[in-house]
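The values are calculated or read from the model by the stated rules, or taken from the named source; none is laboratory data. This one's a predicted model, so the numbers in the text were calculated from it and none came from an experiment. For neighbour counting, all protein chains shown are included, and Cβ atoms are generated from backbone atoms with ideal geometry for every residue, glycine included. Side chains are part of the model used for accessible areas, which takes the heavy atoms of the whole protein and leaves out ligands, DNA and RNA. Shrake-Rupley method; radii C 1.70, N 1.55, O 1.52, S 1.80 Å.
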Amino acid sequence: MLRTDQMMDDAALWLAFREGDNQALGLLAERYYRTLRRYGMKFMVGPAVVDDAVQDIFLDLWQRRHRINHTESVKFYLLKALRHHIIAYLRYHQKFTGESALDWDTSMPENFNAESLLIEQETLSDLTGELHRQLSRLPKREREALYLRYYEDLSVHEIAELMGVNRQSVSNFLQKALHKIRSKWLVSMVLYLFFL
């Protein structure tokens, strides 16, 4: 969860940017660039597409600054804008290539420090690999909901709005995904320990 002072800083920067302060927008871009890029890369598009989308979002924000309203969460606003932009790109691309849109990357976020955990216990490598396999077997919507909830710390309400579904659907995505992971994880762990 964001700290209160972080939210206040975001709110102050958002207000300053809306009043024409380009440095405030620059600070917001600097603050959220890595988060946006990491989330954008989960859609399995190239880094250039994600970078262009992030730049387009901030350019569009600057051009529309006098028409943009207050937001309770700058992070949520930016993630939603990026998701919309990338999905529009994928749909446009799909018209010409026939490829299915919205694939989802199952890799752990870059700040997941598995190396230090591996030093403590070598078996974690196998368990992490099993977790990756289990995540890759989940439906795309369940994977996205898990990512947004547990890696980006968004609320169920925010995820529902971001994904364009109702809150109950998000709760269902999360519950089904966690149930699948827990049941398969327990079986895998018991088998692994049994054959160790």
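Note on segment 19-58: with charges restricted to the Cβ of Lys and Arg (+1) and Asp and Glu (-1), its dipole about the Cα centre is near 360 debye. Once each part is reduced to its C-alpha centroid, what is the distance from segment 15-32 to segment 44-83 in angstrom? Segment 15-32 and segment 44-83 have Cα centres separated by 12 Å. Taking amide H as placed 1.01 Å from N in the peptide plane, residue 43 has its amide H under 5 Å from the amide H of 105, each at least 5 places away in sequence or on another chain.
Element breakdown for segment 18-95 at a 1.4 angstrom probe: carbon and sulfur atoms account for 49% of the accessible area.
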